[in-house]
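Colleague: Mind having a look at this structure? Questions to follow.
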There are 2 protein chains.
Amino acid sequence: MSATGAPLGHDRVVIAHGGGGELMGRLIREHLVPPLRNERLAGLADGAVMSWPGGDLVLTTDSYVVTPLEFPGGDIGRLAVAGTVNDLAVMGATPIALSLALILEEGLPLDLLDRIIKSVATTAHEAGVEVVTGDTKVIERRTTPALSVKGEQPGAAAPQEGLFVNTAGVGRRRPGVRLDLRRVEPGDVILVNGGIAEHGLAVMSVRSGIEFESVLRSDVVPLNGLIAAVLDSGADVKFMRDATRGGIAGVLADISEGCARTVEVHEARVPLSRTARHAAEMLGLDPLTVANEGKCVFVVAEKDAARVLGACHAHALGADAAAIGRVVDRSPPLVELVTRVGGRRVVQRPYGEELPRIC
Amino acid sequence: MSATGAPLGHDRVVIAHGGGGELMGRLIREHLVPPLRNERLAGLADGAVMSWPGGDLVLTTDSYVVTPLEFPGGDIGRLAVAGTVNDLAVMGATPIALSLALILEEGLPLDLLDRIIKSVATTAHEAGVEVVTGDTKVIERRTTPALSVKGEQPGAAAPQEGLFVNTAGVGRRRPGVRLDLRRVEPGDVILVNGGIAEHGLAVMSVRSGIEFESVLRSDVVPLNGLIAAVLDSGADVKFMRDATRGGIAGVLADISEGCARTVEVHEARVPLSRTARHAAEMLGLDPLTVANEGKCVFVVAEKDAARVLGACHAHALGADAAAIGRVVDRSPPLVELVTRVGGRRVVQRPYGEELPRIC
C-alpha cells in the first residue's frame, strides 16, 4: 500500500524509493546509472569532479521537496543552499556559485515565497557564495493527500503550499585533498561535528504536532567554513560526507561498504542532545537513521584525529564534535554499534521511507 | 479564477506566472532578483558567466514540468538535456557536463522512467555531453485536476504521471565571442534557423486530442552543433537566444528592449510549416508566441548575415534558416510585424499563460 492507499507493484515508483536507503540505492543503480553510464557518474558521489585548466571543478545538484516549507530552524530555501554548499564542501571543493530553480505550485502565497527567497539570500551570504542563475516554472495546484508517516497523525499538517527547489553548485577543488575510501584502513578514526538527528526530528515534530519540553530546531547550516578549517588544520582527511537522508547510519554504511571493513561506533560517544533523544524515543525513531543537515562525518588516521577535533572545537559549528568510533579489521564488513550497556548490534542502512519529504 | 477554479488574488502564484511572458518577468524582477542581487544574476541571461583560470565558465539551470511526459518528437528527458545544452550554447559556451535531478511522483511507472532516462542518455550523446551527477527525490501521489487551457478540452488528457526534471549545465565559454545587446545597431539582421512553433503545437495537439493531416512533431534538439558552426563561420554574432517559452515574440521583445530599437519582422519570411500554420489556426494561437525547443534567433551586422545563413544551410538543423527582419532606427522601440498583405502590427510579448506546462 502506498501512502495514499493506492496499490503499487514493483513496477512503479513508491515513496520508499526516495528515502535515501537501500531501495533508493537500487533505483539509482538499476534504473538511472546504466543508461547514462560514464566514468564520473559511476562513482555515485555527492558530485562530479571535472578536470579543468587552473583547478578541478566540482558540479553537484539537489532537489528539495521538504514539507512543511518552513520548520523550526530553517526553511526549504536555507536547506537548498546549505545542502548544495555542503555537497561541494565534502567533495573537497570551495563553493563558487549556485543556480536556483523553482517549481511553484499555483496558489503559493507570494509572501511565503518572499521569505524563502530572502532565506536563500541570507544562507548564501553566510556560506560566501552567490546565486548566479535561475529558472522558474509554475505547475497547476493539486489536491494533496496528507502524508502518512509512522508517528504522524494523518492530516495533522497537510501541506497547503507547493514549492520544489533545485540548487546546483559549482566549486573549485582544493589542491592536495585526497578523498578516497580505498585509503581507509583499520585503526582510522570516525568523527562527527556535533549532535545528530536534529533536522529530521524538528521537521517531524512540526508534522506530528508533538511539542517537546525544549524546542527542537533543525541543524541546517552551510558547513563549508567548518570543513575548510578541518582541511586547513593539516589533517589528511580520507573521507567526509554530510549525513542527510539516511542519517549517520547511511554514511557509516557507505564507509563500511566503500572500504570493505567493519565500522565500530560507540553509542555513548555519538553526540545527541537530551531533547533529540527524547523526541526520537517519542516518535519511535532510531536517531542514527534520522536526517541531519549540518553534520559531517570525517574519517582520518588515528594520528590526525586530534587535529580534526581541535579544528572542530575551535569552530562554532563543531563545539560538540566527537570521535565516535573507528574502522576495524573484522569480516564481514558491517556497521556495529556498541550500546551504552556494552552490547553490540548491527546498524542497518535504512531501507526506505523512514521520513518522506524530509529534505 | 485559476485553472482549478480557486479564486486567486495578486498575493499568490498563478499559472500565468510560469508562461515566460510579462507576468513571469515581473515575478522574477520584483520577487526573486532583489533579495539575491549580485552582478551576475542581474543580467537575467540564460546562464551566468564566471571568470575561471583557463577559460570562463558558464553555469545554467532549467526545470522541466511538461505534460504529457512523452509527446510526438520527444519527451521530458530529451527536452531537459536539449534545453540546458541550448542555454549554454546561446551563451557562447561549449557544454562540458550536465547534472540531472529527478522529482518522481509515487506511482510513476518504472518502464516510463526507463524510457525517459534512455532518452536523456541518447540526447546527451547527440550533444556530446555527459550527465555527471544527479539527485532523486520522491513525492507522494497527488490528485491532479485537468489543465484548463485555451483551445484544450478540459480533462481530455489529464496527466496521470508525475515527473519533474532539473538539469544544470556547465560550459566553457568560447574565446572571442562578444554577445551583448548593446552592440546591436540599426541595420543589423535577425535570423532564425528554421520553422517555428513546432514544439508548442506538438504538445498542444496531444493534449487537445486534435489530429492534423500531417503529424506535428516537436523540434526539440540540441543546437550546440549548429551554433558552433555559425560561430566557426567567422560571423560576429552580437546576440543569440533559443526561443522557448514565449516563442519568437519573446526573444524579439528581449532584443528590442535590450538595444532600445525597433525590430521589424516580415511575416512572409518567418519559416513556418504548412502543418504548423494550420495547427496554430485551429488552436487559435499566434505561432510567434508558441514555444520552440530547437530554434535559435541570431542578430548580426548585415555584412555577416550571409555567413550565418550559409553556415545554417550547410547544417542539418538549419536547412530552412532565414533572415526574418532587421533592427531599425525608429522610436519608440517596438517589435513590428509586416504582415503578408503589407499591413503592420505590433507584436506583444505574451503576457502569461498561453501554454502552461509546455517545457
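The values are calculated or read from the model by the stated rules, or taken from the named source; none is laboratory data. Bear in mind the structure is a predicted one, so any value in this text is a computation, not a measurement. Backbone-built Cβ (ideal geometry, glycine too); neighbour counts: all protein chains shown. For accessibility, only protein heavy atoms count, side chains too; no ligands or nucleic acids. Shrake-Rupley method; radii C 1.70, N 1.55, O 1.52, S 1.80 Å.
Colleague: Could you give every pair whose Cβ atoms fall below 7 Å, whose first residue belongs to region B:332-348 and is farther than 10 Å from B:VAL265 by Cα, and whose second residue is of a type in the set (S, T, N, Q) and not in a loop (DSSP other than H, G, I, E, B), counting only separations of at least 6 or pairs across chains?
Modeller: From residues that are farther than 10 Å from B:VAL265 by Cα, the pairs are B:PRO333/B:SER256; B:PRO333/B:THR262; B:LEU334/B:SER256; B:LEU334/B:THR262.
Colleague: Still on this structure: Name every residue in region A:91-118 that is more than 7 Å from chain B (Cβ to nearest Cβ), more than 14 Å from A:ARG172 (Cβ to Cβ) and in a loop (DSSP other than H, G, I, E, B), in order of residue number.
Modeller: none
Colleague: Something else now. Would you confirm, using the coordinates I've provided, whether B:ASP188 is over 24 Å from B:GLY47 (Cα atoms) and crowded, with 20+ Cβ neighbours inside 10 Å?
Modeller: yes
Colleague: Would you confirm whether any residue within region B:61-71 is touching a strand residue (DSSP E or B) at 6+ places or on another chain (Cβ under 6 Å), open to solvent by 40 Å² or more (accessible area, probe 1.4 Å) and not assigned by TED's automatic domain parsing to the domain that holds B:SER208?
Modeller: So far as region B:61-71 goes, no, none of its residues is touching a strand residue (DSSP E or B) at 6+ places or on another chain (Cβ under 6 Å), open to solvent by 40 Å² or more (accessible area, probe 1.4 Å) and not assigned by TED's automatic domain parsing to the domain that holds B:SER208.
Colleague: Separate question: Exactly one condition in (1) within 21 Å of B:CYS312 (Cβ to Cβ); (2) in contact with a strand residue (DSSP E or B) (Cβ under 9 Å, 6 or more places away or on another chain) is not met by B:ASP232; state its number.
Modeller: (2)
Colleague: I'm trying to understand the selection: among the residues of region A:119-130, which are facing chain B (nearest Cβ under 9 Å) and without any contact (Cβ under 8 Å) to a residue 40 or more places away in the chain?
Modeller: A:ALA121, A:GLU130
Colleague: How many of the residues in region A:231-258 are of a type in the set (Lys, Arg) and under 20 Å from A:ASP304 (Cα atoms)?
Modeller: Result for region A:231-258: 2.
Colleague: Quick one: which of B:LEU113, B:LEU108, B:LEU98 is within 24 Å of A:VAL129 (Cβ to Cβ), not acidic (Asp, Glu) and not assigned by TED's automatic domain parsing to the domain that holds B:LEU231?
Modeller: Working: B:LEU113 fails: within 24 Å of A:VAL129 (Cβ to Cβ); B:LEU108 fails: within 24 Å of A:VAL129 (Cβ to Cβ).
After applying the criteria, what remains is B:LEU98.
Colleague: Follow-up question, since we're still on this one. Tell me the residue from B:VAL263, B:VAL341 that is of a type outside the set (S, T, N, Q) and not in a loop (DSSP other than H, G, I, E, B), please.
Modeller: B:VAL263
Colleague: On to the next question. Collect the residues in region A:317-359 that are modelled with pLDDT of 95 or more, touching a helix residue (DSSP H, G or I) at 6+ places or on another chain (Cβ under 8 Å) and of a type in the set (Gly, Ala, Ser), keeping them in residue-number order.
Modeller: A:GLY318, A:ALA319, A:ALA321, A:ALA322, A:ALA323, A:GLY325, listed by residue number.
Colleague: Would you check which residues across region B:224-246 are in contact with a helix residue (DSSP H, G or I) (Cβ under 6 Å, 6 or more places away or on another chain) and within 22 Å of A:THR136 (Cα to Cα) and list them?
Modeller: Passing the criteria: B:MET240, B:ARG241, B:ASP242, B:ALA243.
Colleague: May I pose another question? From the list A:ALA322, A:ALA316, A:ALA280, which one is open to solvent by less than 60 Å² (accessible area, probe 1.4 Å) and either closer than 17 Å to A:SER218 by Cα or touching a Ser or Thr at 6+ places or on another chain (Cβ under 7 Å) (or both)?
Modeller: A:ALA280
Colleague: In this structure, does A:VAL251 turn out to be crowded, with 22+ Cβ neighbours inside 10 Å and over 21 Å from the mean Cα position of the chain (by Cα)?
Modeller: Spelling it out, it is not the case that A:VAL251 is crowded, with 22+ Cβ neighbours inside 10 Å and over 21 Å from the mean Cα position of the chain (by Cα).
Colleague: Take region A:72-85 and flag every residue that is in a strand (DSSP E or B) and either assigned by TED's automatic domain parsing to the domain that holds A:ILE210 or in contact with a His (Cβ under 9 Å, 6 or more places away or on another chain) (or both).
Modeller: Scanning region A:72-85 gives a single hit, A:GLY74.
Colleague: Quick one: would you say A:ASP242 is open to solvent by 40 Å² or more (accessible area, probe 1.4 Å) and either over 26 Å from A:LEU79 (Cβ atoms) or not assigned by TED's automatic domain parsing to the domain that holds A:VAL65 (or both)?
Modeller: Answer is no for this residue.
Colleague: Give the number of residues within region B:47-60 that are surrounded by 18 or more Cβ atoms within 10 Å (Cβ to Cβ) and either aromatic (Phe, Trp, Tyr) or more than 8 Å from chain A (Cβ to nearest Cβ) (or both).
Modeller: Residues flagged as surrounded by 18 or more Cβ atoms within 10 Å (Cβ to Cβ) and either aromatic (Phe, Trp, Tyr) or more than 8 Å from chain A (Cβ to nearest Cβ) (or both) within region B:47-60 amount to 4.
Colleague: Every residue in region A:172-184 that is open to solvent by 70 Å² or more (accessible area, probe 1.4 Å) and either touching a residue at least 24 places away in the same chain (Cβ under 8 Å) or under 24 Å from B:VAL49 (Cβ atoms) (or both), please.
Modeller: Answer for region A:172-184, where residues must be open to solvent by 70 Å² or more (accessible area, probe 1.4 Å) and either touching a residue at least 24 places away in the same chain (Cβ under 8 Å) or under 24 Å from B:VAL49 (Cβ atoms) (or both): A:ARG172, A:PRO175, A:ARG178, A:ARG182.
Colleague: Residue check, B:PRO332 against (1) farther than 18 Å from B:GLY246 by Cα; (2) open to solvent by 10 Å² or more (accessible area, probe 1.4 Å); (3) assigned to a helix (DSSP H, G or I), all met but one. Which one?
Modeller: All conditions are met except number (3).
Colleague: Pick from region B:52-68 the residues that are at pLDDT below 90 and over 19 Å from A:THR60 (Cα atoms): which of them is nearest to the chain's Cα centre (by Cα)?
Modeller: Checking each candidate, the answer is B:GLY55.
Colleague: Further question on the same structure: So B:ASP254 ticks every box in (1) closer than 24 Å to B:GLY73 by Cα; (2) at pLDDT below 95 but one. Which box is left unticked?
Modeller: (1) is the only condition that B:ASP254 fails.
Colleague: Which residue is modelled with the lowest pLDDT, if the candidates are limited to region A:141-171 and must be more than 30 Å from A:ASP286 (Cβ to Cβ) and surrounded by fewer than 20 Cβ atoms within 10 Å (Cβ to Cβ)?
Modeller: If we take residues in region A:141-171 being more than 30 Å from A:ASP286 (Cβ to Cβ) and surrounded by fewer than 20 Cβ atoms within 10 Å (Cβ to Cβ), then A:GLN160 is modelled with the lowest pLDDT.
Colleague: With the checklist (1) part of a strand (DSSP E or B); (2) out of contact with any Leu (no Cβ under 8 Å at 6 or more places or on another chain); (3) under 19 Å from B:GLY246 (Cβ atoms) in hand, flag the one item B:VAL297 doesn't pass.
Modeller: Against the list (1) part of a strand (DSSP E or B); (2) out of contact with any Leu (no Cβ under 8 Å at 6 or more places or on another chain); (3) under 19 Å from B:GLY246 (Cβ atoms), B:VAL297 comes up short only on (2).
Colleague: Within region A:12-35, track down each residue that is facing chain B (nearest Cβ under 8 Å), open to solvent by less than 20 Å² (accessible area, probe 1.4 Å) and within 20 Å of B:THR123 (Cα to Cα).
Modeller: Hit for region A:12-35 is A:LEU32, nothing else.
Colleague: Step by step: first the residues of region B:196-240, then only those that are farther than 18 Å from B:VAL81 by Cα and among the basic types (Lys, Arg), then the one that is modelled with the highest pLDDT. Which residue is that?
Modeller: Once the filter is applied, the top-ranked residue is B:LYS238.
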